[in-house]
Amino acid sequence: MTSGTLTAYQGAPGAFSEQAAWALAGADAPLLPCDTLPDVFASTANYLRRVGWRPGLEWGGEVPSGTPVGQGERIVKPAGANGPAYRTTENFRVILRWNQSDFFGLAVGLLSDRIAA
């Protein structure tokens with residue numbers, strides 16, 4: 001463990017122990033969620049599903065400043081009032097259960113968008 005997280009998994013150790021049933025890629029026995037990259041991705045996806053990820057609902061995305069929010073949404077402005085604005089959904093809050101930093105949540109959301117593209 002480094003910096004209070006489980007290496008590549010980057011989740012809090014409490015989150016790992018809270019969700020002990022990991023769906024590890026090709027595992028015959030329980031492993032830490034950071035043993036291999038397939039384990040990292042499978043464990044993370046399973047954790048997010050178990051804590052409320054809603055398939056089909058985006059995490060959010062960049063919007064023009066001043067965009068109104070709907071129910072269950074909020075605007076995140078990581079660079080302050082003059083920086084980019086991101087409208088986030090309930091799935092963004094699920095990411096924050098993994099790691100409570102808005103910066104981390106935005107990084108996960110934006111990276112997932114790039115991977116999916």
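Readers should treat all values here as calculations from the given coordinates under stated rules, not as data from a laboratory. Given the structure is predicted, the values throughout are model-derived calculations rather than measurements. Every residue, glycine among them, receives a Cβ derived from its backbone with ideal geometry; neighbour counts consider all protein chains shown.
Remark: the E58-L96 segment gains 12.2 nm on full extension, using 0.36 nm per residue and subtracting the alpha carbon distance. Highest average first, the peptides 106-116, 89-99, 67-77 ordered by how many other beta carbon atoms sit within 10 Å of their residues are 89-99, 106-116, 67-77. Taking other residues whose beta carbon is less than 14 angstrom from the beta carbon of P55, and scoring Lys, Arg as +1 and Asp, Glu as -1, yields +1. Round to a whole angstrom and tell me the spacing of the C-alpha centers of the range 75-113 and the range 40-60. Centre-to-centre (Cα) distance: 15 Å. Computed extension gain for R114 through R74, at 0.36 nm per residue and net of the alpha carbon distance, reaches 12.2 nm.
Residue separation of A45 and F103 scaled by 0.36 nm, minus their Cα-Cα distance, works out to 19.0 nm of gained length. Each Cα pair under 8 Å and six or more residues apart adds its sequence gap; the mean of these over the residue count of the range 60-116 is a relative contact order of 32 percent.
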